[in-house]
Amino acid sequence: MKPALVDDRYLSEVLRDTEVPQLDGGDLFTTGYWYVRLCQAVLGGRTTSGVLSGPFASLPEDLRSRATAAVMQLLGPIGLVSLRELAPLMGRLRQDHSLNVLGMEALAAAKYLDADVFLRTATPQLQAALAHEDLSVQLDQ
């Protein structure tokens, strides 16, 4: 089974102990920028609930504390590839793809890991780049 590379919304589900059947059984990874976005949403202290922060805010206190601790420590079997490994590949991929740095990191991580990519939000440019690189993407909105 190929590794799974998950976006911030999938990562949120995993860290909240939500069952995600599509991700059962394989190695699980995310990117640095997707992890940063989740940390900012959950730990940023905003009073409004957004797409990433809302599911945490709606948890009962004991579950929210556990899920927040999981975010802070990236608990569980979740891999994170270093930019030390990805930066050269991101530089090479820039020749063929015009993505922002978040998209470039995701593309490079998927290629580096030969991973299936799982997205909760459509990102047409990233999806096109992944297809161009013969990488699998699953979009579940």
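The values are calculated or read from the model by the stated rules, or taken from the named source; none is laboratory data. On a predicted model such as this, the values are computed, not experimentally measured, just so you know. Glycine gets a Cβ as well: all are built from the backbone with ideal geometry, and neighbour counts include every protein chain shown. All accessible areas refer to the heavy atoms of the entire protein, side chains included, with ligands and DNA or RNA removed. Shrake-Rupley method; radii C 1.70, N 1.55, O 1.52, S 1.80 Å.
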Check: Any idea which residue in region 1-11 is nearest to A122 (Cα to Cα), counting only those that are out of contact with any Gly (no Cβ under 7 Å at 6 or more places or on another chain) and open to solvent by less than 60 Å² (accessible area, probe 1.4 Å)?
Finding: D7
Check: Restricting region 81-114 to residues that are under 12 Å from the mean Cα position of the chain (by Cα) and at pLDDT 95 or above, which is most open to solvent (accessible area, probe 1.4 Å)?
Finding: L102
Checklist line | Counted residues, region 1-57 - those being acidic (D, E), more than 21 Å from L83 (Cβ to Cβ) and either touching an Asp or Glu at 6+ places or on another chain (Cβ under 8 Å) or in a loop (DSSP other than H, G, I, E, B) (or both) | finding: 3
Next item on the list: Return only the number of the condition from (1) open to solvent by less than 30 Å² (accessible area, probe 1.4 Å); (2) at pLDDT below 95 that M72 does not satisfy.
Entry: (1)
Next item on the list: Tell me, please, whether a residue that is open to solvent by 80 Å² or more (accessible area, probe 1.4 Å) and at pLDDT 90 or above can be found in region 12-25.
Entry: no
